[in-house]
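Comments concern the structure below.
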Amino acid sequence: MPFTVKALQKASADEPFKVVEIERRDPRADDVVIDIKAAGVCHSDIHTVRNEWGQAHFPLAVGHEIAGVVSAVGEGVTKYQVGDRVGVGCLVNSCGECEQCRNHQEQACLNGNVGTYNSTDVDGTITQGGYSQKVVVNENFVCRIPDSLDFDVAAPLLCAGITTYSPLANWNVHEGQNVAVLGLGGLGHMGVQIAVAMGANVTVLSRTTNKEAYAKELGASRLLATSEPDFFTNHRGEFDFILNTISAPIDLRGYLGLLKPFGAMVLVGLPPEGLEISARNLIAGDKALAGSNIGGIAQTQEMLDFCAEHGIGARIEKIGVHDVDVAYDRVVAGDVRSRFVIDTAGFEDAPLEA
């Protein structure tokens, strides 16, 4: 049977979050029900509810960095049992039959996957995300969280972790390479830790030196301020790989000049505006420019296991259920080092709001 839970939901882009009751769909035979212990705040959540990526389906609860405990399983579930520590990222379903799904690349499903929020679910309703007490998810889109990872530091891995791990793994970043991470926010701070664990010599590129100590704490060998005079000339051709986490317009041509011949830059930040590029910037030096969109479910599990093995977790600031609107403004203003995580235990005593 369908059931109701408390959640943070927006009625429109201009209204604040309110604690309301939402209905979770009737769990099917292949579904698990998850008690959410922590929910990360992703910039994608902000873009969505502010209609920056198109008109959202309001009323809407967002959140696709979910960590919790299995509280019920369908009769056909074989992968999980009640009490298991699990996580859910950006997807809750896909067709399972197309070439990409068969290749474990559900994020590229040719028939349209089902996002954790703002998407059409299997019952025709709009999916509601993880700013909530519970969620119902197909077992094939659930990952196991290793015991060594606390829920609050694991939750952001389900988006920020896989978003940065996937390009680093797919482009075979390895020991001895010079890697630059552009931006040191929620994505960048994960990219630094993962690239360092892969053996790379990591440099952070930031507008100022304000985060230099933080970058080195994460394992980077140095931080370079991109605002320094003649920056692009002084550091031309230094890097084998650049992970670009910036979600704002940048001088793409200048940054490509920082690559060595045969180097690659991968974009994981998604600025609302377009970026200008010339074919000359790629052909000269045989350079590659690519994008990367999260990763498949199997690779997400691989990432979680990698992070557990290397002691990697998100750096977080925990917030209450009534602090999310302020947190959004701080994210947009760049006033957070890493990742906000909602303490969902606060739903228990939070009164419903009209």
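The values are calculated or read from the model by the stated rules, or taken from the named source; none is laboratory data. On a predicted model such as this, the values are computed, not experimentally measured, just so you know. Backbone-built Cβ (ideal geometry, glycine too); neighbour counts: all protein chains shown. With ligands, DNA and RNA removed, areas are computed over all heavy atoms of the protein, side chains included. Shrake-Rupley method; radii C 1.70, N 1.55, O 1.52, S 1.80 Å.
Brief remarks follow.
- Qualifying residue in the stretch 184-195 (condition: under 29 Å from Asp286 (Cβ atoms), open to solvent by 10 Å² or more (accessible area, probe 1.4 Å) and either assigned to a helix (DSSP H, G or I) or not assigned by the TED database to the domain that holds Gln105 (or both)): yes
- Any hit, the stretch 130-153, residues being closer than 18 Å to Ser338 by Cα, touching a helix residue (DSSP H, G or I) at 6+ places or on another chain (Cβ under 8 Å) and touching a residue at least 12 places away in the same chain (Cβ under 8 Å): yes
- Out of Leu243, Leu224, one residue alone is under 24 Å from the mean Cα position of the chain (by Cα) and closer than 22 Å to Gly334 by Cβ. It is Leu243.
- Scanning the stretch 265-279 for residues that are more than 20 Å from Gly186 (Cβ to Cβ) and in contact with a helix residue (DSSP H, G or I) (Cβ under 9 Å, 6 or more places away or on another chain) turns up Leu275, Glu276, Ile277, Ser278.
- Hits in the stretch 1-16 - residues which are more than 23 Å from Val122 (Cα to Cα) and either without any contact (Cβ under 8 Å) to a residue 60 or more places away in the chain or open to solvent by less than 50 Å² (accessible area, probe 1.4 Å) (or both): Ser12, Ala13, Asp14, Glu15
- Residues of the stretch 62-79 that are assigned to a loop (DSSP other than H, G, I, E, B) and open to solvent by less than 50 Å² (accessible area, probe 1.4 Å): Val62, Gly63, His64, Glu65, Gly74, Gly76, Val77.
- Checking Thr300 against (1) in a helix (DSSP H, G or I); (2) open to solvent by 30 Å² or more (accessible area, probe 1.4 Å); (3) within 23 Å of Cys109 (Cα to Cα), the condition it does not meet: (2)
- Set side by side, the residues Val19, Val86, Val82 differ, and just one is open to solvent by less than 40 Å² (accessible area, probe 1.4 Å) and over 19 Å from Leu352 (Cβ atoms), which is Val86.
- In the set (1) modelled with pLDDT of 95 or more; (2) open to solvent by 10 Å² or more (accessible area, probe 1.4 Å), Ala154 fails one condition alone, (2).
- Any chance Gly274 is touching a strand residue (DSSP E or B) at 6+ places or on another chain (Cβ under 9 Å), among the small types (Gly, Ala, Ser) and assigned to a loop (DSSP other than H, G, I, E, B): no
- With respect to the stated conditions, Gln133 is within 16 Å of Ala39 (Cα to Cα), open to solvent by 10 Å² or more (accessible area, probe 1.4 Å) and more than 18 Å from the chain's Cα centre (by Cα).
- Odd one out for Ile294 among (1) closer than 27 Å to Trp53 by Cβ; (2) surrounded by fewer than 13 Cβ atoms within 10 Å (Cβ to Cβ); (3) touching a strand residue (DSSP E or B) at 6+ places or on another chain (Cβ under 9 Å): (2)
- Qualifying residue in the stretch 205-218 (condition: of a type outside the set (Ser, Thr, Tyr) and part of a strand (DSSP E or B)): yes
- For the stretch 33-61, residues that are open to solvent by 40 Å² or more (accessible area, probe 1.4 Å), among the polar types (S, T, N, Q) and in contact (Cβ under 8 Å) with a residue 24 or more places away in the chain total 1.
- Of all residues in the stretch 206-262, those being of a type in the set (Phe, Trp, Tyr) and open to solvent by 10 Å² or more (accessible area, probe 1.4 Å) number 3.
- Residue in the stretch 248-266 that is outside the structural domain of Gly311 (by the TED database), modelled with pLDDT under 95 and either under 19 Å from His174 (Cβ atoms) or of a type in the set (Asp, Glu) (or both) present: yes
- Filtering the stretch 318-347 to residues that are closer than 27 Å to Glu212 by Cα, open to solvent by 70 Å² or more (accessible area, probe 1.4 Å) and not in a helix (DSSP H, G or I) leaves Lys318, Asp335, Arg337.
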